[in-house]
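Written below as structure tokens is the structure these notes are about.
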Amino acid sequence: MAKAGRGGPALATAAIGSFVAGTLATLGLAFLAPWLVDVAVKFGPEDYFALMCVAFVTVSATFGDSPVRGLTSLFIGLTLGLVGIDKLTGQPRLSFGVPELLDGVEVTTLAVGLFAIGEALYVASRRHHTEEKLEAVRGSLWMTREDWKRSWKPWLRGFGFGFPIGALPAGGAEIPTFLSYSTEKRLTKYPDEFGKGAIEGVAGPEAANNASAAGTLVPLLTLGLPTSATAAMMLAGFQQYGLNPGPLLFAERPDLVWGLIASLFIANTMLLVLNLPLVGLWVRLLAIPQPWLYAGILVFATMGTIAAKPSAVELTMLGAFGVMGFLMRRFDFPIAPVVVGLILGPIAEAQLRRALSISLGDPMALVQSPISATLLAVAAIALLAPFVMRGLGRFKANED
């Protein structure tokens, strides 16, 4: 649409669709979360451990093209989660005699290293591989009556895809975004415009993306499960202040929960206010030379790490995680499962040991509860399904 001189309406429908879908999804969160809390209160330690297994498997399978690479990233995160003092025995684990490692690996250090420094190094390494061309926004920023007519139904359908899928443990933004685009492509009266500037192809996926963002807060706030990298960082932020998202959070800190939900309404409104009038400013920011961006990212990432925990060991870990993030991006390993494994690994271990302690070491206690048995079966199916589907695909290819 920008190449056709309609970048303004494209940005407008994206902003308005995000506002509409985000507001509806926030209303869904407000009504759905209390019901899920009532269900989650009945969970035992074995149920929570099974739920963590579902989260591990689905996050590993959702991010990246290869489930093996996703599981590899997850096990890296789980291993990092073992670093520090064992809370039950008091024995140091994987600290290698370094006192700074007794407190464990900081989630912020890992996330900044992987997402900020690793991404900066990766983009910088590919600077001379692909030449980026900046397309200026041309024409009016506002939508015509025909644009409104073609956009409002994709906005609602995008919400219908984004919020329910985002609220699932295997959710995220990728699946509803692609579903929305393919649906709009099938339903449109202007199929020839797709790929050349169809406004439905912008309206639906943008609405689905924003609705799924609010949907990811449903399992995060009610069950303490992050289903995306952003939700994982929010969980880390909660833990930094001694808060544990889950069903008890609604009882212990209702002011925080409902304040957060109320802030989403304000955030959606501000999204609209900032996007529409300041489109020209955001485009000009893209003209900043890329080396300046790389340098700024590295400086602020280092300063943030030093401010959070001033230590030479922490800076060394930041650099090591940055190199690891670069290598993972280079060889197409997903990064989000590493962060999820570090955050949820200790929680899953604590629930597993608690369940086994209650059952006096009997592992059958993990499947005696109907909830835990069902969730473990779902995890097993989600783990094996990609390999089965790939095997069937190869079998059919050999037959052809």
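Here the chain is assigned +1 on the Cβ of each Lys and Arg and -1 on the Cβ of each Asp and Glu. Its dipole about the Cα centre then comes out at about 940 debye.
Highest mean first, how do 295-301, 330-336, 86-92, 120-126 rank when packing is the count of other Cβ atoms within 10 Å averaged over residues?
Numbers: 295-301: 14.3, 330-336: 18.1, 86-92: 10.4, 120-126: 16.0.
With the highest mean Cβ count within 10 Å placed first, the list reads 330-336, 120-126, 295-301, 86-92.
Accessible surface of R394, taken over heavy atoms with a 1.4 Å probe and every protein chain present, rounds to 150 Å². Summing Cβ point charges (Lys, Arg +1; Asp, Glu -1) relative to the Cα centre of region 237-388 gives a dipole of roughly 280 debye.
For the chain, the mean residue ellipticity at 222 nm estimated from helices alone is -23000 deg cm²/dmol, where every DSSP H run of n ≥ 4 contributes -39500 (n - 2.57) and the total is divided by all residues, rounded to the nearest 500. Spatially, region 294-369 and region 89-103 are offset by 15 Å when compared through their Cα centroids. Heavy-atom accessible surface of I288, to the nearest 10 Å², is about 60 Å², with a 1.4 Å probe and all protein chains retained. Rounded to the nearest 10 degrees, the inclination of helix 312-330 to the longest alpha-carbon principal axis of the chain is 60 degrees.
Averaged per residue, what accessible area in Å² does the chain show with a 1.4 Å probe, protein chains only? List each step's numbers first, then the result.
Numbers: 21080 Å² over 400 residues.
I get 53 Å² per residue for the chain.
Each of P363, G325, V338 was placed along the dipole of region 305-363 (beta-carbon charges, centred on the mean Cα), and the one lying farthest toward the positive end is G325. Across the accessible surface of the chain, with the other protein chains kept in place and a 1.4 Å probe, carbon and sulfur atoms take up 67 percent. Helix 200-215 axis versus longest C-alpha principal axis of the chain: approximately 30°, rounded to the nearest ten. Taking the charge dipole of the chain about its Cα centre, with +1 at Lys and Arg Cβ atoms and -1 at Asp and Glu Cβ atoms, the residue from S60, P154, A214 reaching farthest to the positive side is P154. As I understand it, the value is the acute angle between the Cα axis of helix 254-275 and the longest principal axis of the Cα atoms of the chain; what does it come to in degrees, rounded to 10? Roughly 30 degrees, rounded to the nearest 10. Once Rg and the Kirkwood radius are both taken over the C-alpha atoms of the chain, their ratio Rg/Rh works out to 0.99. Relative to its residue count, region 251-351 spans a Cα convex hull of 202 Å³ per residue. Taking the charge dipole of region 263-369 about its Cα centre, with +1 at Lys and Arg Cβ atoms and -1 at Asp and Glu Cβ atoms, the residue from V313, I347, L298 reaching farthest to the positive side is L298.
The values are calculated or read from the model by the stated rules, or taken from the named source; none is laboratory data. Because the structure is a prediction, the values reported are computed rather than measured. Neighbour counts are summed over all protein chains in view; Cβ atoms, including those assigned to glycine, are modelled from backbone coordinates with ideal geometry. To get the accessible areas, we keep the full protein, side chains included, count just its heavy atoms, and leave off ligands, DNA and RNA. Shrake-Rupley method; radii C 1.70, N 1.55, O 1.52, S 1.80 Å.
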